[in-house]
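Have a look at the structure that comes next, please.
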Amino acid sequence: MEKLRVQGGRPLEGEIAVSGAKNSALPVLAACLLTKGPVKLNRVPRVRDIRTMEKLLTYAGARVDVNGSHVVVEAGAVEKPEAPYDLVKTMRASSLVLGPLVARTGRARVSMPGGCAIGARPINLHVASLEQLGASIRQEHGYVEASAPNGLKGAYVHFDRITVTGTEDLLMAAVLADGETVIHNAAREPEVVDVAALLSKMGARIEGAGTSTIHVQGVSELHGAQHTIIPDRIEAGTFLIAGAMTHGDLVVQGCIPEHVAALTVKLRQAGADVTETENGLRVRCPGRMRAVDITTEEYPGFATDLQAQYMAAMTKADGISFITETIFENRFMHALELARMGANIRLEGRQAIVAGMPELSGAQVIASDLRASASLVLAALVAKGETLIDRVYHLDRGYERIEAKLQRVGAQVERVSSHEYATQAT
Ligand code: EPZ
């Protein structure tokens, strides 16, 4: 198993480029199942979750041609409207094919996602919303079996709780439903807007994406299209935090400032200088960061996917910060590993109380999920000495070539195999 070895203490300097957004590319790829025509996608990040989604599309019968970050999907026929357990167990977002498969073929068999390190994460809202569009759904043997032999019918759907992939799943079902669908209390994330942008290019009729109420007028058929995925705001946020906490001078190329506005407000309050450049954001933070509280919220609030990375920054800040996680019930696994590096963090339910320390020390740590692994990389960049991060496969799920990108701006980070490490250690 691979590990990441990091020597801390170097400021990050120069330009670092952001890839396409994983959390947009996933539903955008699923949306390709809605048409026979070819969909040409640009800036698709080459990360493990994307490869899983491509396997899911191929399994269903689509043709998927990958050429670097350019992907062409052609779902001329969807012979097997299914998402098997072996693929779904590696990636919860597989449930994003449920809506498109039912809408396109009138049926779907999708494995239930199972447990996740950051919370229960049920898909009850996905299921309930499709039932409101007339699908009959039963859960059996670990699978969701959905059918709508006469097609879906538009309806007024209110989400009791804001759900990002739930909104995307329903949107992708509603575009081929008969009549109008209104999605109330919809997610407003930029990734939802990006999926809606592709669907509109395919001929869908959507209004209000990016607001809490989305109107969809169903059409009988969609056609092929071309689309460029938005930049990854979570990757951009990760790099902005890294630039601030290493006291470097970093330009994060290709990010959309508005998409990370909730973060930049906090970084500025913490003493960082964040300025807009022609094509992104520049971050500098010569002095010690100040402790600043955050509460995670749905977009446009502070992203839960940046909470772990922000906590890493607060472990060395001047003062005590309160970090409140409102989206997921178990998203503080990284705190225990940060404590192994000398961080002072007290957990109380959904709140972490972080007392900033003058320094962290390198240690052997284990990543528990995607963003927790990014948090450990950031802490390692500012820790004294060497840190060894285990289970970096979590990182590869959502960060494209992260160590190469960090090396280019001065980080001392390398990937080592367990065997390599063991031989060097003796
Ligand atoms: C998306 O997950 C992202 N994943 C997550 O990013 C992100 O953390 C999350 O949105 C919140 O921003 C993708 O886009 C692929 P939710 P999603 O449905 O859609 C509860 C990363 O690191 N809920 O908005 O699964 C749920 O348990 C990942 O890239 C139900 O109860 O999140 C959670 O507490 C991690 N029933 C809350 O709602 C449902 O049917 C919000 O979850 C659906 C959700």
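The values are calculated or read from the model by the stated rules, or taken from the named source; none is laboratory data. What you are looking at is a predicted structure, and each value in this text was computed from that prediction instead of being measured. Glycine also receives a Cβ, built like all others from the backbone with ideal geometry; neighbour counts cover every protein chain displayed. To get the accessible areas, we keep the full protein, side chains included, count just its heavy atoms, and leave off ligands, DNA and RNA. Shrake-Rupley method; radii C 1.70, N 1.55, O 1.52, S 1.80 Å.
Given a Förster radius of 25 Å and the C-beta distance between ASP293 and LEU336 as r, what FRET efficiency does 1/(1 + (r/R0)^6) yield to the nearest 0.05?
Values: r = 21 Å, r/R0 = 0.83.
Result of the calculation: an efficiency of 0.75.
Follow-up. Leaving ligands, DNA and RNA out of it, work out the accessible area of PHE328 with a 1.4 Å probe and give it in Å² to the nearest 10.
The value for PHE328 is about 40 Å².
Given the protein chains as shown and a 1.4 Å probe, how many square angstrom of ASP194 are accessible, to the nearest 10?
So the heavy atoms of ASP194 present about 10 Å² to solvent.
Per DSSP helix of 4 or more residues, -39500 (n - 2.57); summed, then divided by the residues of the chain. What does that give at 222 nm, rounded to the nearest 500? Present the calculation step by step, with values, prior to reporting the outcome.
Numbers: 15 runs with 137 residues, N = 426.
Here the helix-only value at 222 nm equals -9000 deg cm²/dmol.
On full extension of the chain, what length is gained from GLU2 through ASN67, given 0.36 nm per residue of separation minus the C-alpha to C-alpha distance?
So the extension gain works out to 20.8 nm.
Mind checking the per residue accessible area of the chain for me, 1.4 Å probe, whole number of Å²?
Values: 16430 Å² over 426 residues.
Spelled out: the 1.4 Å probe surface of the chain, per residue, equals 39 Å².
Another question, then. Report ³J(HN,Hα) in whole Hz for each residue of segment 132-142, in order, from the Karplus equation J = 6.51 cos²θ - 1.76 cosθ + 1.60 where θ = phi - 60°; Gly and Pro get x.
5, 8, x, 6, 9, 10, 9, 10, 8, 6, x
Determine the gain in length on full extension of the stretch ALA404-THR211; use 0.36 nm per residue of separation and subtract their C-alpha separation, reporting nm with one decimal.
Working: separation 193, 0.36 × 193 = 69.48 nm, distance 3.70 nm.
Working it through step by step, the gained length comes to 65.8 nm.
Let me ask another. Report the FRET efficiency, 1/(1 + (r/R0)^6), for ASN42 and ASN344, where r is their Cβ-Cβ distance and R0 is 41 Å, rounded to 0.05.
Working: r = 45 Å, r/R0 = 1.09.
Working from the Cβ atoms, E equals 0.35.
What are the residues whose amide H is under 5 Å from the amide H of ARG290, where those residues sit 5 or more places off or on another chain and H is modelled from the backbone?
When sequence neighbours closer than 5 places are left aside, the close amide H contacts are GLY271, ASP318.
Just how far, in whole angstrom, is segment 112-146 from segment 247-276 if you go by their alpha carbon centroids?
37
Please work out the Cα center distance from segment 1-43 to segment 47-65, rounded to the nearest Å.
Measuring centre to centre over Cα atoms gives 15 Å.
Each residue of segment 286-295 in order: what ³J(HN,Hα) in whole Hz does its phi give by Karplus 6.51 cos²θ - 1.76 cosθ + 1.60, θ = phi - 60°, with x for Gly and Pro?
Once rounded to whole Hz, the list reads x, x, 5, 5, 8, 6, 9, 6, 9, 10.
Please give the net charge around LYS405, taking every other residue with its beta carbon less than 14 angstrom from that of LYS405, where Lys and Arg add +1 and Asp and Glu add -1. Write out the running numbers ahead of the final one.
Details: positive: ARG46, ARG401, ARG408, ARG415; negative: GLU13, GLU15, ASP232, GLU235, ASP396, GLU400, GLU403, GLU414.
Residues close to LYS405 contribute a combined charge of -4.
Through the Karplus equation 6.51 cos²θ - 1.76 cosθ + 1.60, θ set to phi - 60°, convert the phi angles of segment 228-237 into ³J(HN,Hα) values in whole Hz; use x for Gly and Pro.
10, 5, 5, x, 7, 5, 6, 5, 4, x
Something else about it: Would any residue of segment 116-148 have its amide N under 13 Å from a label point 7 Å out along Cα→Cβ of VAL182? List them or say none.
Correct set: none at all.
How high is the relative contact order of segment 1-141, given as a whole-number percent (alpha carbon pairs under 8 Å, six or more residues apart)?
Rounded, it is 20 percent for segment 1-141.
Find how much the distance from ASN124 to HIS419 grows on full extension, using 0.36 nm per residue of separation minus their present alpha carbon separation; answer in nm with one decimal.
On the way: separation 295, 0.36 × 295 = 106.20 nm, distance 4.30 nm.
Taking 0.36 nm per residue and subtracting the Cα distance, the gain is 101.9 nm.
Something else: With a 1.4 Å probe and every protein chain kept in, tell me what percent of the accessible surface of the chain is carbon plus sulfur.
The computed percentage sits at 48.
Tell me the net charge near GLY224. Cut-off is 15 Å between Cβ atoms, GLY224 excluded, with +1 for each Lys or Arg and -1 for each Asp or Glu.
Values: positive: LYS36, LYS40, ARG63, ARG104, LYS201; negative: ASP65, GLU74, GLU221.
Within the 15 Å Cβ shell, the charges total +2.
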